[in-house]
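Participant: Following this message is one structure expressed as structure tokens.
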Amino acid sequence: SPLFLVGVQRPGTNLLAHGFDELPEFKVYNEGNSKAFENYRIRALPTIESLVQKGGAKFVLFKPLCDSHRTVEMLDYFGARARAVWGYRSVDGRVRSAVAKFGDSNLRVLRAFAAGEAQKPWNIWQIEGLSAESAAFIRSFDFNSMSAESAAALFWYARNALYFELGLNRRPDTTLVNYDDFLSDPRRIAVGLCRFLDVPYRNAVIASIDPRRPSQRPPLPVDSRIHERCSALKERLDAACAAQMA
């Protein structure tokens, strides 16, 4: 069966993929694997289907973060056997990690989108699947005065909003994972995930994790309107995640 690990870039999914890779029930194709991905985009679904059939494991895991907006399409293609895990983390944690790794990439793409300019093909995924509401919210900003941090937070909002906009919260084949919870209480989260996937829990899935509380750092200087939207969405994600884990 295919398992899709989705969400917004820098949500800790590498840690999850690495943990699952330690279990015999899983075969993992990370987004850099050319058999399943091209330029971090998932290959045609019939190609993915052939990899699943050859997988020889209960779950063949793919990490198509750039195709998270296609989660419903991917799940429906494979039917009842497919599963998806949507990973997310705190806004500040994602913003710090994304700006450190990608610089002002989100800012440049969102600025071009708001200006109605054509996108470079390898960036187009960043604005694919946007709801009308998210598109209007993005276009309401002046990107000439926006910081890379505010743009990365705005991107966190627009992509994580898809979880609810796509109706993934109403699907029994999809679950949320909070990366910050996974770091602070890895066994509880891993047990819940294994229960969701109907595989036996083993300590190997969290062997590489040193449990720790999220560091208390001063909040990032993010535009107040964006911060407000992100805070409300984070509360909604946390509530849905807690209900699923219960």
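The values are calculated or read from the model by the stated rules, or taken from the named source; none is laboratory data. Since we're looking at a predicted model, the values are computed, not measured. Virtual Cβ from ideal backbone geometry, glycine too; neighbours counted across all protein chains shown. What goes into the accessible areas is simple: the full protein's heavy atoms, side chains included, and nothing from ligands, DNA or RNA. Shrake-Rupley method; radii C 1.70, N 1.55, O 1.52, S 1.80 Å.
Participant: Does any residue in segment 1-23 that is over 19 Å from residue 51 (Cβ atoms) come within less than 7 Å, Cβ to Cβ, of a residue that is among the polar types (S, T, N, Q) and open to solvent by less than 10 Å² (accessible area, probe 1.4 Å) six or more places away or on a different chain, and which pairs are these?
Facilitator: 7/13; 7/68; 8/160
Participant: Still on this structure: When the residues of segment 106-144 are filtered to those that are at pLDDT below 90 and part of a helix (DSSP H, G or I), which remaining residue is most open to solvent (accessible area, probe 1.4 Å)?
Facilitator: Per the stated criteria, the residue is 122.
Participant: Next question. Looking at segment 222-246, which of its residues are open to solvent by 60 Å² or more (accessible area, probe 1.4 Å) and modelled with pLDDT under 85?
Facilitator: 246
Participant: Run residue 183 past the list (1) outside any helix (DSSP H, G or I); (2) open to solvent by 10 Å² or more (accessible area, probe 1.4 Å) and report the number of the one that doesn't hold.
Facilitator: So residue 183 meets the others, but not (1).
Participant: Sticking with this one: Open to solvent by 70 Å² or more (accessible area, probe 1.4 Å), without any contact (Cβ under 8 Å) to a residue 60 or more places away in the chain and either within 18 Å of the chain's Cα centre (by Cα) or within 21 Å of residue 106 (Cα to Cα) (or both) - does that describe any residue in segment 205-219?
Facilitator: The answer is no, given that none of the residues of segment 205-219 is open to solvent by 70 Å² or more (accessible area, probe 1.4 Å), without any contact (Cβ under 8 Å) to a residue 60 or more places away in the chain and either within 18 Å of the chain's Cα centre (by Cα) or within 21 Å of residue 106 (Cα to Cα) (or both).
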